[in-house]
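Below is one structure, written out as structure tokens; the observations come after it.
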Amino acid sequence: MSDVTIYHNPRCSKSRQTLELLQSRGITPTVVEYLKTPPSAAELKAILTKLGKGPRDIVRSKEAAEAGISKDLDGDALIAALSANPTAIERPIVVKGDKARVGRPPESVLEIL
């Protein structure tokens with residue numbers, strides 16, 4: 001079991017690039033295809049804590065609008081909406097221990113390795 005987890009969308013080029021970057025460094029992360037297995041609201045809240053960000057910071061605007069998610073929702077309601085509509089979550093997210101980074105650009109995840 002790896003101590004690095006990537007919340008991954010294989011159809012996303014940045015997500016694929018981030019996974020390749022990890023693998024090129026000899027890291028075999030636990031891959032969570034979050035569209036198939038969305039994080040629960042509690043998991044998402046924990047990830048946000050590790051990112052040091054609020055829920056609005058990981059919203060994909062276009063996808064949120066398509067899902068009918070308002071950015072005016074309060075924190076817990078927005079987290080619940082993102083958990084229910086994972087396409088609206090920014091990707092990829094890499095977690096190691098008590099730290100996480102969004103892989104945009106992919107090299108940003110190197111800060112936590």
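The values are calculated or read from the model by the stated rules, or taken from the named source; none is laboratory data. Remember, predicted model here, so these are calculated numbers, not experimental data. Counting neighbours? That spans all protein chains shown, and the Cβs are built from the backbone with ideal geometry, glycine included. These accessible areas exclude ligands, DNA and RNA; they are computed on the full protein's heavy atoms, side chains included. Shrake-Rupley method; radii C 1.70, N 1.55, O 1.52, S 1.80 Å.
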Would you mind stating whether A80 is crowded, with 21+ Cβ neighbours inside 10 Å, in a helix (DSSP H, G or I) and touching a residue at least 24 places away in the same chain (Cβ under 8 Å)? no
How many residues does the stretch 26-79 hold that are among the basic types (K, R) and farther than 16 Å from K99 by Cβ? 5
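Kindly indicate whether E90 is acidic (D, E), over 15 Å from I112 (Cβ atoms), open to solvent by 30 Å² or more (accessible area, probe 1.4 Å) and within 14 Å of the chain's Cα centre (by Cα). Please lay out each step first, then the result.
Values: acidic (D, E): yes; over 15 Å from I112 (Cβ atoms): yes; open to solvent by 30 Å² or more (accessible area, probe 1.4 Å): yes; within 14 Å of the chain's Cα centre (by Cα): yes.
So E90 fits the description; yes.
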Can you find even one residue in the stretch 20-41 that is among the hydroxyl-bearing types (S, T, Y), within 22 Å of E111 (Cα to Cα) and touching a residue at least 12 places away in the same chain (Cβ under 8 Å)? yes
Name the single residue that is most open to solvent (accessible area, probe 1.4 Å) among those in the stretch 1-29 being of a type in the set (A, V, I, L, M) and not in a helix (DSSP H, G or I). M1
Tally up the residues in the stretch 30-50 that are of a type outside the set (G, A, S), open to solvent by 60 Å² or more (accessible area, probe 1.4 Å), farther than 11 Å from R91 by Cα and not in a loop (DSSP other than H, G, I, E, B), please. 5
Criterion (within 16 Å of S13 (Cα to Cα), among the acidic types (D, E), open to solvent by 20 Å² or more (accessible area, probe 1.4 Å) and at pLDDT 95 or above) met by exactly one of E107, E66, E111: E107
Residue ID - nearest to L22 (Cα to Cα), chosen from residues in the stretch 93-104 that are part of a loop (DSSP other than H, G, I, E, B) and open to solvent by 40 Å² or more (accessible area, probe 1.4 Å): R104
